[in-house]
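Peer 1: To start, I am sharing the structure in question, which I have written as C-alpha cells.
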2 protein chains.
Amino acid sequence: MDVELKSRLEGKAKCLGHDLTSQEFALAMDAEDPLRSFRNLFHFPKRINIPEANGDVTESSRDPVYFSGMSLGLCPTTTKDLVCSSLDDWANLGVHGHTTGIFPWAEADLCVDEQMAALVGAKREEVAVMNGLSVNLHLFLLSFYQPTPSRHKILCESRAFPSDYYIIESQIQHRGFQPATSMICVQPKSGEEWIDEGEILRVIEEEGESIAVILLGGVQYYTGQLFDMAAITAAAQRKGIIVGFDLAHAVGNVPLHLHDWNVDFACWCTYKYLNSGAGGIACAYMHERHNATVKPALQGWWGHKSETRFDMDNEMDLEEGVRGFRLTNPSILMCASLKASLNIYHQTSLEELRNKSIMLTGYLEWLIRHYFSSNSPGFSSQSTIRILTPPQPERRGCQLSLCFSIPLSDIYEKLSLAGVSCDKREPSVIRIAPVHLYNSFEDVYKFVEILRGILYHMTVFG
Amino acid sequence: MDVELKSRLEGKAKCLGHDLTSQEFALAMDAEDPLRSFRNLFHFPKRINIPEANGDVTESSRDPVYFSGMSLGLCPTTTKDLVCSSLDDWANLGVHGHTTGIFPWAEADLCVDEQMAALVGAKREEVAVMNGLSVNLHLFLLSFYQPTPSRHKILCESRAFPSDYYIIESQIQHRGFQPATSMICVQPKSGEEWIDEGEILRVIEEEGESIAVILLGGVQYYTGQLFDMAAITAAAQRKGIIVGFDLAHAVGNVPLHLHDWNVDFACWCTYKYLNSGAGGIACAYMHERHNATVKPALQGWWGHKSETRFDMDNEMDLEEGVRGFRLTNPSILMCASLKASLNIYHQTSLEELRNKSIMLTGYLEWLIRHYFSSNSPGFSSQSTIRILTPPQPERRGCQLSLCFSIPLSDIYEKLSLAGVSCDKREPSVIRIAPVHLYNSFEDVYKFVEILRGILYHMTVFG
Ligand SMILES: Cc1ncc(COP(=O)(O)O)c(C=O)c1O
Ligand SMILES: Cc1ncc(COP(=O)(O)O)c(C=O)c1O
C-alpha cells in the first residue's frame with residue numbers, strides 16, 4: 001500500500017481514537033465528512049426490488065451497498081422533477097418549447113455544456129454535448145486519424161474497453177490499413193496487471209514517427225488505473241502524435257485539466273460518475289487550437305452556426321470548433337437528466353470530492369489488505385484477494401478491482417444476496433467503486449464485513 | 001384539386017346534409033370519425049403558456065389549433081408515466097435495471113423495434129433504434145456509398161433538408177470527390193414547386209451508370225410531396241444504384257412498405273409524427289438481402305452479438321444486418337418515450353389513419369381553394385394562397401404548404417396570436433399539418449375561419 005496514504009489513514013484513526021478495523025472509525029469519518037449530505041441527493045436501490053438480493057439475509061446486511069457507480073451512477077432525487085418539467089413543457093407548449101420553457105430545446109445542449117466543461121477543465125466552447133460515446137469517438141477519429149504510409153498507427157492498450165477496440169479496428173480498416181500492422185496495443189509487463197507508463201513513453205519515443213493517434217482510457221475500466229494524461233500528451237505531441245482520451249471512467253471521478261494538458265480530443269459518457277441514467281447523452285472535447293484547422297469529416301445541420309441554421313439555405317456555415325461536429329438536434333430528456341446531476345457537482349468541487357475519494361478508496365484498500373492478504377496479521381480466510389488497481393492514489397480513481405484466489409461465482413452471488421452491487425468479470429475479478437458523492441465510510445465497512453462473512457463461511461463450511 | 005377527392009368531399013357533405021363551408025360539416029365529420037378518441041391521448045399546448053399567443057383574442061379562437069406535427073408531434077398523455085417508470089426503475093434498481101424492470105435497459109431498443117418495424121413495413125430484424133437521424137444517415141452512407149471514378153454520384157433534390165444536404169456534401173468530400181461534380185440535385189420544373197417524378201426517372205435512365213446512391217426524403221419537408229418510393233427504387237436498382245430514404249416526414253404519416261419495395265436503406269427521426277419528444281431516438285432500416293455483404297464501416301460494442309457482448313474479449317462478432325450498425329448503448333428515457341407513442345399506433349393501423357388523413361387534408365385544401373383562390377366564388381380577401389403541395393392524395397402526406405401573395409410576417413404573427421401553431425418559412429410560406437391521430441375536422445374549420453378573419457381584417461383595414 002502507498003506509504004503516505006497508509007500513514008494518513010492510520011494517523012486519522014489514532015486521532016479519532018478508533019481502531020481502523022472498527023465500525024466506530026467509519027462512523028466517525030462519516031460524521032466529519034463535509035460532503036456527507038450529498039448522499040441524500042440520490043436514490044439508493046431497494047434490496048426488495050433486486051431479484052439477486054431477495055434471499056435470506058442477516059440483520060447486519062439489510063441496507064444495500066452500492067458500489068457500481070463505475071457502471072451506472074445512482075439516480076439523483078431531482079432528476080425526475082427536471083425530466084418531468086421538460087415533459088410538461090412539451091405538453092404545455094408543443095413545438096413552442098423549442099424557444100421557450102425551462103430548457104429551450106433548440107439550445108438544450110447549451111444549457112449543460114458550461115457545467116460540463118468545468119468538470120473536465122475545458123473552456124465552454126471546447127465541449128459539445130451530443131450522441132453516444134462510441135459515436136463521438138468515431139466522429140473525432142474520422143477527422144483526427146489521417147493515416148499516411150509512414151504514419152498510420154493507433155496506439156491503445158491491450159485491454160482497451162471493447163467498444164474502443166472495435167472503434168480503432170474499424171477506423172483503421174476504413175482507411176485501408178490493417179489492424180494487425182496499424183494497431184499498437186501496449187501490454188502490462190508480464191505478471192503485472194496495470195500498465196507501466198514508462199512503457200507507453202518508451203513506445204512513443206521509439207515508434208512515435210509511425211503513430212498517428214493515441215487513444216487511451218483516462219482511467220482504465222478494468223483495473224481502475226489512472227493515466228498521467230499530461231505526461232503522455234506532452235511526450236506524444238513532441239513526436240507529432242494526436243492524443244485522445246476516452247474519459248468514461250475518469251470524468252466526475254478525478255479532476256481533469258484537458259485544456260491545460262493540451263489534450264487534442266476527448267469523449268466521455270455521462271451515465272457512470274455523472275449519473276445521467278442508462279444511455280445518457282455523451283460529450284466531446286476538442287482543444288480550441290484545432291478550431292481553424294480540424295473540421296468535422298461528417299457534417300449535419302446541428303453543426304451549422306445556430307443564428308442562421310434555420311434559414312435552411314443549404315449553405316454550410318460551420319460553428320467554430322467542437323460545436324461544428326454536432327450533427328443532430330439534442331434530446332431534451334437526456335439534457336434534463338444530465339442537468340440534474342451537474343447541478344449537484346456544481347455545489348462542490350472535484351478537488352473536494354477527490355480528497356474524500358482518496359481516503360474512501362484508501363480505507364477500502366487498507367481493510368482488504370488487512371483481512372485478505374496472506375501475509376497480513378488480520379488474514380483469516382482461505383481466499384486471498386489481490387488488488388489489480390495501482391496502490392498510488394495519483395495512479396487511480398475511486399475504483400478497486402479485486403482478484404480472488406478461489407472461484408468467484410459463489411462469492412459474487414452471496415455478495416448480491418447480501419445486497420452488495422458490484423461488477424463481476426469472470427473468472428475471478430470484481431470491480432467496486434466507492435463514490436465520493438454518495439458512498440460513505442460505513443458503506444466500505446459494511447462491504448468488507450459482508451465479504452469477511454462470506455469468505456469465513458466458505459472457509460468453515462467449504 | 002384532385003377530382004376524385006373533391007367529389008368524395010362534396011358527396012360526403014351532401015350525404016351529411018351540411019354545406020362544406022359550415023361548421024356543422026366539420027362537427028358531423030368528427031362525430032362519425034372512428035379515430036376521434038385518439039385525440040384524448042395527447043396533451044394540447046395551452047394558449048396561456050405560449051408567449052406568441054398571449055395577446056388579445058376573440059372568443060371564437062380561444063382553443064389552440066396545433067398544426068405543427070410535422071415539426072414536433074404532441075406529447076402522449078402516457079409518456080410521463082412510462083418515462084417516470086423508467087426513472088423509478090433506475091431509482092429502485094440502480095445498475096440491476098440493465099437486466100430487470102419494465103425495460104431491461106440492456107435491451108431497451110429491442111423493446112420498441114418490433115412496433116417500429118410494423119410502421120415502416122419492415123421485418124423486425126431489419127430495423128434498429130439508435131442515435132439521431134443525421135448520425136444514422138452518415139453511418140449508412142459510409143457503408144453504402146462506395147464511389148468509383150465512373151460511379152461516384154449521389155442523387156438528391158435541390159431542396160433537400162439542410163442536414164441531408166450537408167450529409168451528402170461531406171460524404172462526397174470524405175471520399176475525395178467534389179460535390180460540384182458528384183452531387184446531382186433534381187430541381188422542380190421552372191415555375192413549379194414539387195418535383196416531377198418523371199424527371200427523377202429520366203435522370204436515373206440517362207445518368208444512372210454514374211450514380212452510386214440516391215438519397216431522397218420519402219415526404220419532402222418543404223412541399224409535403226410524397227415520392228413514389230417503390231417506382232424510384234425499382235428504376236434505380238435496374239441501374240445498379242443503391243436507394244436510401246430519409247423518412248423523417250413520412251413515417252407515421254403514410255403507410256410504408258420498405259421491405260416489399262426493396263428499399264436498400266432508410267433512416268428516420270421519431271419526434272414528428274411519432275411523438276417521441278424533441279431530439280427523440282432515431283431509427284434505421286436496412287433490407288435483409290444486404291446482411292451478408294454490407295458491413296458497418298464504423299463499429300462499436302453495441303453491434304456485437306448481444307449474447308457474448310459482455311464477455312469483453314475484444315473479438316468482434318457482429319450482429320447480423322442493421323443491428324450490427326449499433327454503436328452505443330441506447331437511452332432508456334428515449335426508448336420509454338418512444339414506446340408510449342408506438343403503443344398508440346399499435347391500437348390502430350396506418351391504413352385506417354391514412355383514410356382519415358386523406359379526408360382531413362382534402363377538406364383543408366378544399367376550404368383554402370374555396371376562400372383564397374382568386375378564381376373561386378368564395379374569394380373575399382386580397383391575398384391569394386397558392387398550395388405548394390401536390391393535389392393528388394397519393395402524392396402527399398397530411399401536410400399542406402401555403403404560399404401567400406402578401407407579406408407573411410404579419411399573418412404569421414396574427415395566426416400565433418389566435419393560437420394557431422404552424423411553421424413559417426420566409427418569405428411567404430407556412431406549413432401546416434392536420435394529423436390523423438390528434439387533429440379534427442373542427443381544427444381545420446377553425447384554422448380556416450381564423451385565417452379568413454385575419455385576411456379579411458387586413459383587406460378592410462390595410
Ligand atoms: C427531412 C429531415 N431530415 C433530417 C432532419 C434532421 O434531423 P436530426 O436533427 O434529427 O438529425 C430533419 C429534422 O427536422 C428533417 O426534417
Ligand atoms: C471506457 C468505455 N468506453 C466506451 C464505452 C462505451 O460506451 P457507449 O455504449 O456509451 O458508447 C464504455 C461503456 O461502459 C466504457 O466504459
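Peer 1: Can you pull out every residue in the stretch B:275-294 that is away from chain A (no Cβ under 14 Å), among the aliphatic types (A, V, I, L, M) and more than 17 Å from B:L327 (Cα to Cα)?
Peer 2: Within the stretch B:275-294, B:A292 is the sole residue that qualifies.
Peer 1: Out of B:A248, B:A235, I need the residue that is aliphatic (A, V, I, L, M), closer than 27 Å to B:H152 by Cβ and free of Cβ contacts under 8 Å to residues at least 60 places away in the same chain. Which one?
Peer 2: Only one candidate qualifies: B:A235.
Peer 1: Follow-up question, since we're still on this one. Out of A:M359, A:M458, which single residue is among the hydrophobic types (A, V, I, L, M, F, W, C) and over 27 Å from A:I50 (Cβ atoms)?
Peer 2: A:M359
Peer 1: May I pose another question? Quick check on my filter: what residues within the stretch B:302-326 are surrounded by fewer than 24 Cβ atoms within 10 Å (Cβ to Cβ) and either within 16 Å of ligand 1 (Cβ to nearest atom) or aromatic (F, W, Y) (or both)?
Peer 2: Within the stretch B:302-326, just B:F310 meets the criteria.
Peer 1: Between a first residue in the stretch A:121-146 that is over 18 Å from A:A108 (Cα atoms) and more than 16 Å from ligand 1 (Cβ to nearest atom) and a second residue that is assigned to a helix (DSSP H, G or I) and polar (S, T, N, Q), which pairs have beta carbons less than 6 Å apart while being 6 or more apart in sequence or on different chains?
Peer 2: Partner pairs satisfying both residue conditions: A:S134/A:S163; A:L141/A:Q171; A:Y145/A:Q171.
Peer 1: Name the residue that is farthest from A:L226 (Cα to Cα), counting only residues in the stretch A:250-274 that are away from chain B (no Cβ under 14 Å), within 16 Å of ligand 2 (Cβ to nearest atom) and out of contact with any helix residue (DSSP H, G or I) (no Cβ under 7 Å at 6 or more places or on another chain).
Peer 2: In this case the residue turns out to be A:N253.
Peer 1: Being among the basic types (K, R) and within 25 Å of the chain's Cα centre (by Cα) is the filter here; which residues of the stretch B:183-232 pass it?
Peer 2: Within the stretch B:183-232, just B:K189 meets the criteria.
Peer 1: Looking only at the stretch A:260-283, count every residue that is closer than 21 Å to A:N329 by Cβ and either within 16 Å of ligand 1 (Cβ to nearest atom) or among the basic types (K, R) (or both) and tell me the total.
Peer 2: 2
Peer 1: Output yes when any residue across the stretch A:407-416 is within 14 Å of chain B (Cβ to nearest Cβ), at pLDDT below 95 and within 30 Å of A:A282 (Cα to Cα), and no when none is.
Peer 2: The answer is yes; a qualifying residue exists.
Peer 1: Looking at A:A282, A:A248, A:A297, which is the one that is at pLDDT 95 or above and more than 25 Å from A:C422 (Cα to Cα)?
Peer 2: None of the other options fit; the residue is A:A297.
Peer 1: Could you give me the residue pairs with C-beta distances under 8 Å whose first residue belongs to the stretch B:298-313 and is more than 9 Å from chain A (Cβ to nearest Cβ), whose second residue is more than 14 Å from ligand 2 (Cβ to nearest atom) and not in a loop (DSSP other than H, G, I, E, B) wherever it lies, and which are 6+ apart or on separate chains?
Peer 2: Listed by first residue and then by second, the contacts come to B:K305/B:L318.
Peer 1: Something else now. For the stretch A:1-42, which positions are in contact (Cβ under 8 Å) with a residue 12 or more places away in the chain, hydrophobic (A, V, I, L, M, F, W, C) and farther than 18 Å from A:K356 by Cβ?
Peer 2: Scanning the stretch A:1-42 gives a single hit, A:M1.
Peer 1: Okay, moving on. For residues in the stretch B:327-347 being of a type in the set (S, T, N, Q), within 16 Å of ligand 1 (Cβ to nearest atom) and at the interface with chain A (Cβ under 7 Å from one of its Cβ atoms), which is surrounded by the fewest Cβ atoms within 10 Å (Cβ to Cβ)?
Peer 2: Restricting to residues being of a type in the set (S, T, N, Q), within 16 Å of ligand 1 (Cβ to nearest atom) and at the interface with chain A (Cβ under 7 Å from one of its Cβ atoms), the top hit is B:T328.
Peer 1: Now for a different question. With the structure loaded, tell me whether A:T148 is surrounded by fewer than 18 Cβ atoms within 10 Å (Cβ to Cβ), β-branched (V, I, T) and touching a strand residue (DSSP E or B) at 6+ places or on another chain (Cβ under 9 Å) or whether it fails that test.
Peer 2: Yes.
Peer 1: Please determine whether any residue of the stretch B:383-396 is more than 25 Å from B:N355 (Cα to Cα) and touching a residue at least 40 places away in the same chain (Cβ under 8 Å).
Peer 2: Within the stretch B:383-396 (the criterion being more than 25 Å from B:N355 (Cα to Cα) and touching a residue at least 40 places away in the same chain (Cβ under 8 Å)), the answer is yes, since at least one residue qualifies.
Peer 1: Tell me the residue from A:L82, A:L35, A:L41, A:L72 that is modelled with pLDDT of 90 or more and under 30 Å from B:S68 (Cβ atoms), please.
Peer 2: After applying the criteria, what remains is A:L82.
Peer 1: State yes or no: is B:A108 within 16 Å of ligand 2 (Cβ to nearest atom), facing chain A (nearest Cβ under 8 Å) and buried (at least 24 other Cβ atoms within 10 Å of the Cβ)?
Peer 2: Criteria met by B:A108.
Peer 1: Let me ask something additional. For residues in the stretch B:74-88 being touching a residue at least 40 places away in the same chain (Cβ under 8 Å) and within 9 Å of chain A (Cβ to nearest Cβ), which is nearest to ligand 2 (Cβ to nearest atom)?
Peer 2: This residue is B:S86.
Peer 1: Can I ask one more? Examine the stretch B:126-134 for a residue that is facing chain A (nearest Cβ under 8 Å), in contact with a strand residue (DSSP E or B) (Cβ under 6 Å, 6 or more places away or on another chain), at pLDDT 95 or above and under 21 Å from A:H138 (Cα atoms), and state whether such a residue exists.
Peer 2: yes
Peer 1: So for the stretch B:364-386 (the condition being within 16 Å of ligand 1 (Cβ to nearest atom) and touching a helix residue (DSSP H, G or I) at 6+ places or on another chain (Cβ under 6 Å)), does at least one residue qualify?
Peer 2: Checked the stretch B:364-386: no residue is within 16 Å of ligand 1 (Cβ to nearest atom) and touching a helix residue (DSSP H, G or I) at 6+ places or on another chain (Cβ under 6 Å).
Peer 1: Does A:L5 satisfy the criteria of being surrounded by 14 or more Cβ atoms within 10 Å (Cβ to Cβ), more than 8 Å from every other protein chain (Cβ to nearest Cβ), more than 30 Å from B:M70 (Cβ to Cβ) and touching a Gly at 6+ places or on another chain (Cβ under 6 Å)?
Peer 2: Yes, satisfied.
The values are calculated or read from the model by the stated rules, or taken from the named source; none is laboratory data. Since the model is a prediction, treat every value here as computed from it, not as a measurement. We place every Cβ from the backbone using ideal geometry, glycine too, and count neighbours over all the protein chains shown.
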